[in-house]
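I have placed the structure first, in the form of structure tokens, so that the comments after it can refer back to it.
The values are calculated or read from the model by the stated rules, or taken from the named source; none is laboratory data. Every value quoted in this text rests on a predicted model; they were computed, and no experiment measured them. Here Cβ is always computed from backbone atoms with ideal geometry, including for glycine, and neighbour counts include all displayed protein chains.
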Amino acid sequence: MKKRLLCSVLAVLLLFTAIALAGCAVGRSGSNPGNKPGNKPGSNPGNTTVTTPGNVPISTEPAVRITPAATSRIAYENYDNGYLKMEIPAGWKLETPRINTFSGYTFKLYDPKNPDYLIQFCLGMSGFMKSEASKELYAALYSAAAWGQLPAIDPQTTEQYYRVWNESAAVGNQMINQEFFVYLNDFEIIDNLGPTPLGGDVLRGTFVNDEGETMQGLFTTTVADVGSYYVYGYDLAPLNTYHNIMMYAPDAEFVNWQPIYDYCLSTIEFTDAFMIGFNSEQSTQLAAVRANAQIYNEMSDMIMDSWNRRSASYDIISQKRSDATLGYERVYDTETGDVYRAYNGFIDSYTGTRYQTVTDEMYTYVISGYIEK
């Protein structure tokens, strides 16, 4: 009899231990296999009431219905076109222009269901002038040359490169006879987040798409002065730009997508076939080193580090504005730390204690999902 009672007590203790361990496992933020953003295991969406075998309630926290954010469950697939290898979000499209060189290798990666979610990459561009006067003289001397059509980058900075980007995009699209390069209308710089390992800066900026909607993203390039060639006192030697990268999403969504984009960037790898073709066009050792995949892993780390040190003020204002426009209030799970967008009035009708209104700092966090009615 005592032995049977002891077994019963042990069984109950084991049951409570299992329940406690399950609660800890659910409350802990999910890890990402291979450090990939997305593929996050589901978290406890609020809590249904847990009872013991004697039907004694352990928790009275009300159930909450949560729809996971798209970025919390991103799956990746391997892309390989014989020249470029990369991990990309499943279902996304990687597109290259009809005319594509090795030294200026270009692609854009985007969601075909919504092209406002996009990464555009160009290994290098050549032919920018150093001043408007040099551009005018070059165009007068060599009116048929493509180089004379590209804008001047003066001063030679990443910021100025993107201020004249739309001119570059128009010339590029004309040259390849294809609307491939995207346009950054009303481009504004929010922050300069600092230099990359290649010498350019990382800019955080906004622009307006063709539908008048605000986009936010990160933008970088390295502007290189390769020498001088003076004619009539003007330097006509062109500027080159390397590693032109832009990544963007709708303004309120970019904070969620930036880690996804950054991971994709870190997986860029050029094949041996690409390197053979590249070296036939661009023989300098410096350019070959810059084409090595390892540099994008390092650049990805640097971009993420810069992003994490960004000013929070823009995020707080833009996220609050977005929530008000779309009819959300923002809350966080006190057990897991996850941040959610909830329907307006959620906190007023909510009778539990697990979900609380976020602090201002939490508007910079990635959201894990949406609390629905």
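If R341 satisfies all but one of (1) touching a Leu at 6+ places or on another chain (Cβ under 9 Å); (2) exposed (fewer than 14 other Cβ atoms within 10 Å of the Cβ), what's the number of the condition it fails?
Evaluating R341 over (1) touching a Leu at 6+ places or on another chain (Cβ under 9 Å); (2) exposed (fewer than 14 other Cβ atoms within 10 Å of the Cβ) leaves (2) as the failure.
Do we find a residue being under 24 Å from V208 (Cβ atoms), in a loop (DSSP other than H, G, I, E, B), in contact with a helix residue (DSSP H, G or I) (Cβ under 8 Å, 6 or more places away or on another chain) and β-branched (V, I, T) anywhere in region 101-119?
No, the conditions are met nowhere in region 101-119.
In region 124-152, how many residues are without any contact (Cβ under 8 Å) to a residue 40 or more places away in the chain, surrounded by fewer than 18 Cβ atoms within 10 Å (Cβ to Cβ) and under 27 Å from F107 (Cβ atoms)?
Matching residues across region 124-152 total 2.
For region 163-173, state whether one or more residues are among the acidic types (D, E), assigned to a loop (DSSP other than H, G, I, E, B) and assigned by TED's automatic domain parsing to the domain that holds D116.
Filtering region 163-173 down to residues among the acidic types (D, E) leaves 167.
Still in the running and assigned to a loop (DSSP other than H, G, I, E, B): none.
No.
Kindly indicate whether T106 is in contact with a Cys (Cβ under 7 Å, 6 or more places away or on another chain) and either buried (at least 17 other Cβ atoms within 10 Å of the Cβ) or in the same structural domain as M275 (by TED's automatic domain parsing) (or both). It would help to see each step written out before you state the result.
Numbers: in contact with a Cys (Cβ under 7 Å, 6 or more places away or on another chain): yes; either buried (at least 17 other Cβ atoms within 10 Å of the Cβ) or in the same structural domain as M275 (by TED's automatic domain parsing) (or both): yes.
When the stated conditions are applied, T106 passes them.
All but one of (1) assigned to a strand (DSSP E or B); (2) out of contact with any Cys (no Cβ under 7 Å at 6 or more places or on another chain) hold for N244; which doesn't?
It is condition (2) that N244 fails.
Could you check how many residues of region 198-233 are hydroxyl-bearing (S, T, Y) and within 16 Å of E159 (Cβ to Cβ)?
Step one: list which residues in region 198-233 are hydroxyl-bearing (S, T, Y), which gives 206, 214, 220-222, 228-230, 232.
Now restrict to residues that are within 16 Å of E159 (Cβ to Cβ): 206, 220-222.
Matching residues across region 198-233 total 4.
Which residues, counting only those in region 187-243, are surrounded by 14 or more Cβ atoms within 10 Å (Cβ to Cβ) and of a type in the set (S, T, Y)?
T196, T206, T214, T220, T221, T222, Y234, T241, Y242
Taking only pairs six or more apart or across chains, which ones have beta-carbon atoms under 6 Å, a first residue in region 337-351 that is closer than 16 Å to N256 by Cβ, and a second residue that is of a type in the set (K, R) and surrounded by 12 or more Cβ atoms within 10 Å (Cβ to Cβ)?
So the pair list comes out as R341/R330.
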